Every structure is written in C-alpha cells, then in structure tokens.
Amino acid sequence: MLNVLLVEIDITDNLLENALSIIGFEVLKTQYDALFLTLVKETRPDILIFNLDTPPENLIHDLHILNLQFPLPVVIFSSDSRNETINKVMKAEVSALIIDGLTGHRINSVIQVAVARFKQQQVLKEALEEARHQLEDRKQIDRAKAILIKTQNFSEDEAYHTLRKLAMDRNITLGEMARNVIAMADLLK
Amino acid sequence: MKTFIKVTEIWIPDKNRTKLEFGSGLYGALTEFKTASEQQRFAYDEGLPGKAWSAGHPIVLNQFEHSYFKRTEAAQKAGLTCGIALPIFSGDFLLAVVVFLCGDDEDYAGAIEVWSNEPNEFSLHVMDGYYGTLEHFESISRQIYMPKGQGIPGIAWATGMPVLREDIGKVNEFIRSADAQQAGITTVLGIPVGNSDQQSYVMTFLSAKATPIAKRIQIWIPDLPGKKLVCQQGFSKNSNNLAEIFETITVKKGDGALGRVWLTGMPVISGNLDEAQYNPELDSLNSMLAIPVIEQGSLKAIVSFLF
C-alpha cells in the first residue's frame, strides 16, 4: 500500500482524500505551510499530491529543494492554466501536472503514470550523473598524465601505464589516482 | 593515518618587522582553533612565537595553562597540549617562526626535543623536550650527553645537515636505541637549527610507527653545482611509489614551493588547506610544510613534512 501526502487548499474538502482511500492509498492530508519540507522528511510518503488553484512561489522553491534532498513522485492538480505557471512547475520536475482534470475515474491512472514517469526520470538522472562523473574523471586523468609527461619525461603511453599501475597497487580507481597525482603536483607548486 | 603533529603554523614579521603575524597554517579539522589563531599578532618576546624570536633558538612549551601562551582556551578546546616554536634566522635577522602543536598524549607516542651545548663545550644535552607519556624515555634522554658527531643530534650538529633514520631500535648511530625500542619509537629526524660560534641547537622529532611525525618526510639538498634541488631522502611508514616518482624531479630556485623556500629562506606551507576536504584517514598527501636549514646565510637543505 502506497503512502500519499495530500496537500489541499481547503482542508475540509474530502473529495480527493476519499477517492484516494477507495483506490487503496494510505492518505495523510495537510495544508501547505512553512513546515511542509519538515513534514515530508518526517512522514516519508511514497507520493506527494497537491490539489491547488495555483501553486504558490514558495512551493515551487520547496519542490526544488525536495528534488535535491528527497526526490519522490509529485502530482499537482491545479486550475491555473497560465504558461508561466506551467513552465515553473515543470522546471520543478513535477511528475504530473493536471489542469482542471480532477475527475474520480482518472485519479488512479494519473498517479500510476506519474510514478512510472518519476522512476524513469530518476534512471535518466542517475545516468547523467554517472556520465558527468566519468567525464570529470577523464579530465583529471588527462591532467595527471600531462603532469607525469612533463615532470618525468614520460611518453603518453608510459604516463598512462604508470598511472594505471599506481592505481592498481593501491586498489583505487584511475580517477582517484589521477587526483592523487594532481594533489602531489600541487604540493610542489 | 593519524600524525603526531596536529597543527603547524608559520608566523612571519609584519611589514614593519616589529611584530609577528599569521602567515599560514595547517589545522586539519581544528577550524575553531584556526579562527582563533589567524587574528593573533605577537610582539618580540610575546607568546610562543615571540619568545622563540627573543630567545634565538627553539622553545618547547609543555603546558599552556598559566603560561605565556596566548591561545590557551582555544588550544584546550582543540585538545592541544604542547607547543614547539622553531625560529628561522638568517644571521641576526628573523625570517619566520614555525610552530608545531601536539596533543592527545595517550593516543600518540612521540617526542620533540631541543638539544644544545654549553658554550665552548663539544657535547649536546636536552635543553627541553616534549615527551607525551614516555616518562622513562624522557628520564633517560635528559641524562644523556651527545658528543659532536655521535648520535642523531650529534651527527646533525657535526654535518650541519638534517638526519633521518627509521627503525632506530636497530640503528647503531642511535645511542638510545634500546630505550627507543622499549618506548615504541621507530623514527627520528634531527634538524640543525642555526648556531652561533659558541652555541648550537638541534631539534629532533621522534615518533612511533602508528603515529608518525608526518605521513612522509623528505630531505632536499642543492646539487653540487648549486643549480637545482634534489631529493636526498624520502621516508614514510608505508612505501609510497607516487611520492617516490615525484622525488626524482629536480627543482630550480624559485620554482614551486620548494624553489620558493630556496629563493627566500622562508618556510612554506602548500597544498590543500581547505579543512572542508580534510580527512586524516585518506592516504593521499595533500599538504606540505617545507623548512629551510640555513647556515651562514646559505641554504644547506630543506626538510619537508607531508601530511
């Protein structure tokens, strides 16, 4: 059973809460306020659902923070169809934004699509991060090779093999060894 | 790897050359103590650096409380219990004061000593020292006299050059080898610290394998033509083939940190001083203290401590 943190403008409105409960979600309902992020970190829901007229500026800011610290699927039901609002919300990496589309029979499919989309986004993010990391490693390796070529009069091949051997001897990655070489050279600068 | 020396500082004359101001320092994770230190200034004969300046030789301060040490509260909070100040002179004129601060005596086995001779005498004795919990070793050391050319301090005195020895329990040159073995001391570094016609001083750093003086120590000397620095010796607890590779390079006067020491006669701290990245458990070397050994206005050697 998935846990939903439901954020409503009108806390007395039970329509969406009831619909979610019928589907089988465990729902905790709240209003958006300054303690929103703390509540999310404490309750650790599986999904965030917002039912708002217009997402306030503070919420967009909080969603950015959430993405960095505690990413999870976010669904926003809103009646604000302005391009500016839509763009801001999408930049906050919301999994689904439904404008004037809160109808009982669609809720479950909307949520399932949002969760799937969120998972795919996470996979892409991780792949991007890995690619960035590898690129950074590549730069550092090239820099370390250049240092060895300059200080030891090595050829490029010799520099690479020396770096590789040093890394293997220490049981660390080539990137980490490159950083050690750069640090050592920096010491003597 | 934890090291025996917890904090290293370089204090330099201000622009009027009448006071010492903060030059640079290595504080590891002791950020509060660093902050307390950076704003300090010491007049001649004031505080530990000032006292070393006025004394003209290394000073050991074994206890900060109720002493002339100016940063006692901050030092106690940081777990620092002892300070050693090494003034670097060229002739009568002070270039800088290097301060070493140690602490956590129970966890670290080591000693720092200052040896000197009586005027016109040809043997050295311990003028003062910090021995941590090594009471027996201290007692033996304070009774010994080292003739010129004998023992590590005596050899440093005779040659005017730094001396580094490992496994000193088995080294004949080390007069206190049996006592050192008993105390768990394995490495000794002796540095001659300038001398007048009549009086000489040698600093020795002794440490155990588990808590070395620094992660690596190097001795660099000018080559015979005096054109480049070459590494005479490099030592660390574990072999370090990366450091060994870099110890094959030669250094021109003015080039890099070591070249600057040679050019100016000033000690230098280089490397990553960012405490945010500090991790004493990382094996990589990322900071260095380089100290000149000067005799009659010329550089004889540079001793580098790598952390």
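The values are calculated or read from the model by the stated rules, or taken from the named source; none is laboratory data. As the structure is a prediction and not an experimental result, all values here were calculated from the model. Cβ coordinates were reconstructed from backbone atoms using ideal geometry, including for glycine residues, and neighbour counts include every protein chain displayed. Calculation scope for accessible area: heavy atoms of the full protein, side chains included, ligands and nucleic acids excluded. Shrake-Rupley method; radii C 1.70, N 1.55, O 1.52, S 1.80 Å.
Residues in region A:169-189 that are in contact with a Leu (Cβ under 8 Å, 6 or more places away or on another chain) and facing chain B (nearest Cβ under 10 Å): A:Met177, A:Asn180, A:Val181, A:Ala183, A:Met184, A:Leu187, A:Leu188.
Whether any residue in region A:48-59 is of a type in the set (Asp, Glu), in contact with a Leu (Cβ under 6 Å, 6 or more places away or on another chain), in a helix (DSSP H, G or I) and at negative phi is what I want to check.
No, that holds for no residue.
A:Lys145 - would you say it is out of contact with any Lys or Arg (no Cβ under 8 Å at 6 or more places or on another chain), more than 28 Å from B:Leu289 (Cβ to Cβ) and open to solvent by less than 50 Å² (accessible area, probe 1.4 Å)? Taking the combined requirement at face value, the residue satisfies it. Residue by residue through region B:198-244, note down the ones that are among the charged types (D, E, K, R) and under 17 Å from B:Leu299 (Cα atoms). B:Asp223, B:Lys227, B:Lys228, listed by residue number. Just for region B:234-246: of the residues that are more than 10 Å from chain A (Cβ to nearest Cβ) and buried (at least 17 other Cβ atoms within 10 Å of the Cβ), which one is modelled with the highest pLDDT? Of everything passing the filter in region B:234-246, B:Gly234 is modelled with the highest pLDDT. Could you look through region A:16-33, keep only residues that are out of contact with any strand residue (DSSP E or B) (no Cβ under 8 Å at 6 or more places or on another chain) and touching a residue at least 24 places away in the same chain (Cβ under 8 Å), and pick out the one that is least open to solvent (accessible area, probe 1.4 Å)? Looking at residues that are out of contact with any strand residue (DSSP E or B) (no Cβ under 8 Å at 6 or more places or on another chain) and touching a residue at least 24 places away in the same chain (Cβ under 8 Å), I get A:Ala19.
Selection within region A:155-168: residues that are of a type outside the set (Gly, Ala, Ser) and more than 10 Å from chain B (Cβ to nearest Cβ). The member of this set that is most open to solvent (accessible area, probe 1.4 Å) is A:Met168. Here B:Trp220 meets each of (1) within 13 Å of chain A (Cβ to nearest Cβ); (2) modelled with pLDDT under 95; (3) open to solvent by less than 30 Å² (accessible area, probe 1.4 Å); (4) touching a strand residue (DSSP E or B) at 6+ places or on another chain (Cβ under 6 Å) with one exception, condition (2). Here B:Ser123 meets each of (1) of a type in the set (S, T, N, Q); (2) surrounded by 16 or more Cβ atoms within 10 Å (Cβ to Cβ); (3) out of contact with any Pro (no Cβ under 7 Å at 6 or more places or on another chain); (4) farther than 22 Å from B:Phe305 by Cα with one exception, condition (3).
Could you please let me know if B:Glu21 is open to solvent by 20 Å² or more (accessible area, probe 1.4 Å), of a type in the set (Asp, Glu) and modelled with pLDDT of 90 or more? It would help to see each step written out before you state the result.
Details: open to solvent by 20 Å² or more (accessible area, probe 1.4 Å): yes; of a type in the set (Asp, Glu): yes; modelled with pLDDT of 90 or more: yes.
Taking the combined requirement at face value, the residue satisfies it.
Scanning region A:90-131 for residues that are farther than 26 Å from A:Ile60 by Cα and open to solvent by 70 Å² or more (accessible area, probe 1.4 Å) yields A:His105, A:Glu130. Considering each residue of region B:265-280 in turn, none proves to be modelled with pLDDT of 95 or more, part of a strand (DSSP E or B) and more than 14 Å from every other protein chain (Cβ to nearest Cβ). B:Ser239 passes every criterion in (1) out of contact with any Lys or Arg (no Cβ under 6 Å at 6 or more places or on another chain); (2) among the polar types (S, T, N, Q); (3) farther than 30 Å from A:Ala159 by Cβ apart from (3).
For region A:132-140, check the following and say yes or no: at least one residue is within 14 Å of chain B (Cβ to nearest Cβ) and over 30 Å from A:Val75 (Cα atoms). Yes, region A:132-140 has at least one match. Confirm whether A:Asp53 is over 25 Å from A:Lys125 (Cβ atoms), open to solvent by less than 80 Å² (accessible area, probe 1.4 Å) and of a type outside the set (A, V, I, L, M, F, W, C). Spelling it out, it is not the case that A:Asp53 is over 25 Å from A:Lys125 (Cβ atoms), open to solvent by less than 80 Å² (accessible area, probe 1.4 Å) and of a type outside the set (A, V, I, L, M, F, W, C).
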